[in-house]
1. How much of the accessible area of the chain, probe 1.4 Å, is carbon plus sulfur, in whole percent?
2. Once whole DSSP H runs in the chain are found, which of them have Cα atoms spread over 24 Å or more along the helix axis and a mean Kyte-Doolittle score of at least -0.5?
3. With 13 Å as the cut-off, how large is the P(r) tail for region 505-548, expressed as percent of Cα-Cα pairs?
4. In percent, how large is the relative contact order of region 101-190, given Cα pairs closer than 8 Å and 6 or more residues apart?
5. I'd like the distance between the alpha-carbon centres of region 472-491 and region 317-340, rounded to an integer number of Å.
6. Straight-line reach only, C-alpha to C-alpha below 21 angstrom: list the lysines that LYS111 could link to, leaving out same-chain residues fewer than 8 apart.
7. Taking only the alpha-carbon atoms of region 450-524, what semi-axes of the equivalent ellipsoid follow from 5 times the gyration tensor eigenvalues under a square root, in whole Å, largest first?
8. Give the lysines whose C-alpha is closer than 24 Å to that of LYS569, dropping any in the same chain fewer than 8 places away, or say none.
Amino acid sequence: MPSPGLLVLFGSQTGTAQDVSERLGREARRRRLDCRVQALDSYSVVNLINEPLVIFVCATTGQGDPPDNMKNFWKFIFRKNLPPTSLCQMDFAILGLGDSSYAKFNFVAKKLHRRLLQLGGRALLPVCLGDDQHELGPDAAVDPWLRDLWDKVLGLYPVPVDLGMIPAGVPLPSKFTLHFLLEAPRMCSEEQRVTGTDPHGPPSEQQPFLAPMVSNRRVTSPLHFQDVRLIEFDITGSGLSALSTPLSLFPVAFLHSFAAGDVVLIQPENSASHTQQFCQVLGLDPDQNFTLLPREPGMSCPARLPQPCSVRHLVSHYLDIASVPRRSFFELLACLSPHELEREKLLHFSSPQGQEELYSYCSRPRRTILEVLCDFPHTAGAIPADYLLDLIPPIRPRAFSIASSLLAHPLRLQILMAVVQYQTRLKEPRRGLCSSWLASLDPGQGPVQVPLWVRPGGLTFPETPDTPVIMVGPGTGVAPFRAAVQERVAQGQNGNFLFFGCRWRDQDFYWEAEWMELERRGCLTLFTAFSREQEQKVYVQHRLRELGPLVWELLDRRGAYFSLAGNAKRMPADVSEALTSIFQKEGGLSGPDAASYLARLQRTRRFQSETWA
């Protein structure tokens, strides 16, 4: 039987699902299977009826939500008018990626599996449930599932005897070739990046708006352990605002540009020192220019890379050399290594037997791609430039809650950002790429521009003026609620109840003066929890319990919305527990009825949360 066209479709938020999908594509090509790998929303979903064999790789985000790049697919596949025989010719398998610390673990993969069965598809295997919480990460579930998958697929479509599999140690052809230019192009890549932006199109990942940074101010006390910044951008000319009308005449519809609860995505870059070190280790000339040529017909070059491009621009703006490498990195690096001892170690790290050692070497201490390459210098110095884009993932944008409303700050966009820095057993502290880069920018020293664009977030707020909103935002989780309060106050909506928590009133109480003034005006009711100011720690969930009668009154009798934002570790579960306790104590509900009440609030979007790890 001839080999079918295997299609791998992925929905990815942080890049893990894309990485697993590309691994599937490589393993398929080694088995001589024709394979396409695509993001779900870039695939024309109506063509699914013609696909014989499809593998779906789906992450679950937030509270059981699909990733951004599969939301259009998600809406289509759940249309009620799709016939139950739509996919009766399709064999499929679903690989899910999630985190078992969340209530809706791998919800997207499980729900899609049920839906494809409803539409007549035939499942080759039970759904794979990859878990970030496992000591070895998702691979603990993915590795055995993939072995079973290839057994099933090759049982249906055997490899031709005269061809056989391409051995694991032989590198597959690179996706692109880098054609180095003898002469420098007339326009540098930075100029191309700026002039290539269409001023008339809305800002997007392909065409971000280069926003001037107006201010970059630390808002935590110098005594505080964490550096938190309030950063303001000028968005004049971005298409995100059109302020030709006096502020008092703005219609609510104006807020389509961005509204409270929306997020801004920022495209960071590598530091000059890391860029230089990378080029030295790989023996690259940062000033050399090249054009990128796809090897296969139908494959396009990355939209974010100018043509021609300098090596410096490729490394500083595109290759994520500060990320922790995935197992696929070690697999390809082993194929490319000419050094026997280094290749042996790399092969061990990429084998199923070496996963515990790889975790100890790489994932636990958060060792970066650049640091790994420095540890394997003979291999790094021999990497062909053509393989750079196969080996190293692109820098992904970082999302921040927008902390300001256009109704209060016209032509401005603000974020509240904690600079990520922590120590592992490695000598050098671990630093967040985007937060460290942003913190290093000083508009006082000269013009600074940051590539950004906006998308809807996970929080929305009621438009009816008499609907109260309870907002729970400890730490930097308060950022979207500052935008919401500003917006609602500007629209005359005064039922704003904010629960804010931090360590110390005088060290990390963000926007204290602003909240006090709004309270004085009767626009806000504020409840605070300063966890370190007494012997017993006090958090926002304790304040909620103390104010149980008010919370129940607002939710049950006044139809309030409840919104939560902040760190995903323990706080969301503690707040949910506090709410169910309030429903039992103040509402007289049984345990199961209290849980159902909370589930109903979630289902009707009156309970919303936006959390991050």
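The values are calculated or read from the model by the stated rules, or taken from the named source; none is laboratory data. Since the structure is predicted, the reported quantities are computational estimates derived from the model, not experimental observations. Heads up, the Cβs are rebuilt from the backbone with ideal geometry, glycines too, and the neighbour counts pull from every protein chain shown. Note: areas computed on protein heavy atoms with side chains; ligands, DNA, RNA excluded. Shrake-Rupley method; radii C 1.70, N 1.55, O 1.52, S 1.80 Å.
1. Values: 14950 of 28410 Å².
Exposed carbon and sulfur together represent 53 percent of the surface.
2. 139-156
3. Working: 578 of 946 pairs.
Summing the P(r) tail past 13 Å for region 505-548 gives 61 percent.
4. Details: 32 pairs, mean separation 13.9, N = 90.
Once normalised by length, the contact order is 15 percent.
5. Between the Cα centre of region 472-491 and that of region 317-340, the gap is 42 Å.
6. LYS71, LYS75, LYS80
7. One finds semi-axes of 20, 19, 11 Å for region 450-524.
8. The reachable lysines, counting only those whose Cα sits under 24 Å from LYS569, are LYS104, LYS110, LYS537.
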